[in-house]
Amino acid sequence: MKKLKILFILALLLTAETTFACTIVSCTRKGQVFAAANEDDYSSTPYARIWFNPPAKGRYGSVCFGLTDGQAQAMMNEYGLYVDFTAQYSIDPSKYHPAHPYQGDLFFEILTKCKTVKEALAFMKTHDYAFGSQALLADATGSSVVINIGDKVLKQGSFQINTNFNISDLKKGVSDRRYNLAKQMLVKSSTVSLASMKAILDRTHQEGDLTTLYSYVFDMKRGLIYVYFFHNFDDVYVIDIKKELKKGYRLDNLADHFPVSYAYETLVQKDPNYKKEQILGAYYKGGRPDSLIDRYITRAAHPAAKDSTLRNVMIEIGIQLIKDAWNQHDGGHMWDYWFSLPAGYAITHFKDKRLDAADRIFKSITGGPITDIKMKNFLTELEAYISLVQGDAATAKALYASASSDPNVAYPVSYNRAKKMLTEIN
């Protein structure tokens, strides 16, 4: 279980809006309004997702891009308000003391309620961004602003760029190579178009261990998104936001919208999560998903089974099924409970077959020959969560109590979540 333990602990350490090296550009010229970005990440996280969130009562519709954890890396709503993030390793959130820190996915909330940068900045007067990354927020009117925990810098001139340095350091002459390349190309041109933005993305994309997983150009006024995958700018997936949102909620693997690439195929086949993604793909595409899960449960949980790797894969699949179910239930939002955020402790109820499948996976493992007590208690905590969400508070209470009976045999985050939920139930 060593591999799974490491992945689990790393996941619990993540905070909202986690992203790595990216290049983000907003540009407005001659009535045209565009935004574009390369989404760069380590090759150990190659599975990109896209999900469509139709408008609902009190919420605008949106399209989100992200990874399997359900955090939106980039978003645009039906009115052309857009946001994307860069990692900022020089910004230490603990050194700042915002008056109204928002402990959750602030920009997702903003895109559900605001149409413009002006409205977003008004919202942020009482909701401070409290994380270490840096966001570029732009709208269809041509306004944009770069925001981090310590500063808000409005666009001056026709363009604005966000890469991996504190925007406040521009005053000191600080920048980086990708920022300078993008700036040189923008300065040389007097117009903006899909072709010019795509050229900037091509010039600034990365390859290697830190690689460009996907890129996009947003035509803000027309509500069109041009998506490119794995730094291949020849094949494009075009999204008309309003048309797609009319079709209802949908969660897709981004790779499924592109021709098979040998380079990407080689990358994912080496990835530890390859088997997990294969099984999940078959689960979502197959005609009998419950039978598929039950077949793998039988193989993974059999007392004589020697394939502990498959057992680990099934645990990760169970966690992913909860994340995916929550994403749809909460209108495209990430699973706050997983990140121990305040909103995650609100008791909510909904039914979903994916929760049932995850519950069967966890029960088969906790009821089998598992010797790792910390992992067993972690899975018991997730069983408790599923019971609570599905309306069985009595079972949830008993399972949470069991998962948090001894802090010495529990992961700290899992133990604390169980204790907090017991308080909420009571």
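The values are calculated or read from the model by the stated rules, or taken from the named source; none is laboratory data. Not measured: the values here are computed from a predicted model. Note: ideal-geometry Cβ built from the backbone for every residue, glycine included; neighbour counts use all protein chains shown. Note: areas computed on protein heavy atoms with side chains; ligands, DNA, RNA excluded. Shrake-Rupley method; radii C 1.70, N 1.55, O 1.52, S 1.80 Å.
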(Q) So if I check each of PHE108, PHE131, which one is surrounded by 18 or more Cβ atoms within 10 Å (Cβ to Cβ) and part of a loop (DSSP other than H, G, I, E, B)? (A) PHE131
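Has segment 2-10 got at least one residue that is at pLDDT below 95 and in a strand (DSSP E or B)?
No: zero hits.
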Q) Condition test on ASP139, is it surrounded by fewer than 17 Cβ atoms within 10 Å (Cβ to Cβ), in contact with a strand residue (DSSP E or B) (Cβ under 9 Å, 6 or more places away or on another chain) and at pLDDT 95 or above? A) no
Q | Qualifying residue in segment 157-169 (condition: open to solvent by less than 10 Å² (accessible area, probe 1.4 Å), under 14 Å from ALA36 (Cα atoms), in contact with a Lys or Arg (Cβ under 7 Å, 6 or more places away or on another chain) and not in a helix (DSSP H, G or I)) | A | yes
Q: Starting from segment 123-148, take each residue that is without any contact (Cβ under 8 Å) to a residue 40 or more places away in the chain and list its partners that are basic (Lys, Arg) and surrounded by fewer than 24 Cβ atoms within 10 Å (Cβ to Cβ), counting only C-beta distances under 6 angstrom and pairs at least six apart or across chains.
A: VAL145/LYS152
Q | Selected residue (only one of ALA394, ALA403 is surrounded by 23 or more Cβ atoms within 10 Å (Cβ to Cβ) and modelled with pLDDT of 95 or more) | A | ALA403
Q) Do we find a residue being open to solvent by 40 Å² or more (accessible area, probe 1.4 Å) and closer than 23 Å to ASN426 by Cβ anywhere in segment 348-360? A) yes
Q. Taking THR266 and the conditions (1) over 23 Å from the mean Cα position of the chain (by Cα); (2) among the hydroxyl-bearing types (Ser, Thr, Tyr); (3) in a loop (DSSP other than H, G, I, E, B), which numbered condition does it fall short on, given that it satisfies the others?
A. (3)
Q. Among TYR385, TYR400, TYR337, which is the only one that is touching an Asp or Glu at 6+ places or on another chain (Cβ under 9 Å) and assigned to a helix (DSSP H, G or I)?
A. TYR400
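If the requirement is being farther than 19 Å from ILE297 by Cβ and without any contact (Cβ under 8 Å) to a residue 40 or more places away in the chain, which of these qualifies: THR395, THR380, THR366, THR348?
Values: THR380 fails: farther than 19 Å from ILE297 by Cβ; THR366 fails: farther than 19 Å from ILE297 by Cβ; THR348 fails: without any contact (Cβ under 8 Å) to a residue 40 or more places away in the chain.
Selected residue: THR395, the only one of THR395, THR380, THR366, THR348 that is farther than 19 Å from ILE297 by Cβ and without any contact (Cβ under 8 Å) to a residue 40 or more places away in the chain.
On the given criteria, is ASP372 within 23 Å of the chain's Cα centre (by Cα), of a type outside the set (A, V, I, L, M, F, W, C) and surrounded by fewer than 20 Cβ atoms within 10 Å (Cβ to Cβ)?
Judged against the criteria, ASP372 is not a match.
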Q | Of all residues in segment 63-101 being open to solvent by 60 Å² or more (accessible area, probe 1.4 Å) and touching a strand residue (DSSP E or B) at 6+ places or on another chain (Cβ under 6 Å), the one that is farthest from ILE319 (Cα to Cα) | A | HIS100
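This table checks each residue for (1) within 20 Å of ILE365 (Cα to Cα); (2) of a type in the set (Phe, Trp, Tyr).
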position: LEU382; (1), (2): yes, no
position: TYR385; (1), (2): yes, yes
position: ASP392; (1), (2): no, no
position: THR395; (1), (2): yes, no
position: ALA398; (1), (2): yes, no
position: TYR411; (1), (2): yes, yes
position: LYS420; (1), (2): no, no
position: THR423; (1), (2): no, no
Q. Could we say that GLY281 is loosely packed, with under 12 Cβ neighbours inside 10 Å and under 30 Å from ASP352 (Cβ atoms) here?
A. no
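Touching a residue at least 40 places away in the same chain (Cβ under 8 Å), closer than 27 Å to ALA325 by Cβ, touching a Gly at 6+ places or on another chain (Cβ under 6 Å) and surrounded by fewer than 20 Cβ atoms within 10 Å (Cβ to Cβ), is that true of LYS246?
So LYS246 fails the test.
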Q: Go through the residues of segment 115-122 one by one and say whether even a single one is on the phi < 0 side of the Ramachandran plot, open to solvent by less than 30 Å² (accessible area, probe 1.4 Å) and within 26 Å of the chain's Cα centre (by Cα).
A: yes
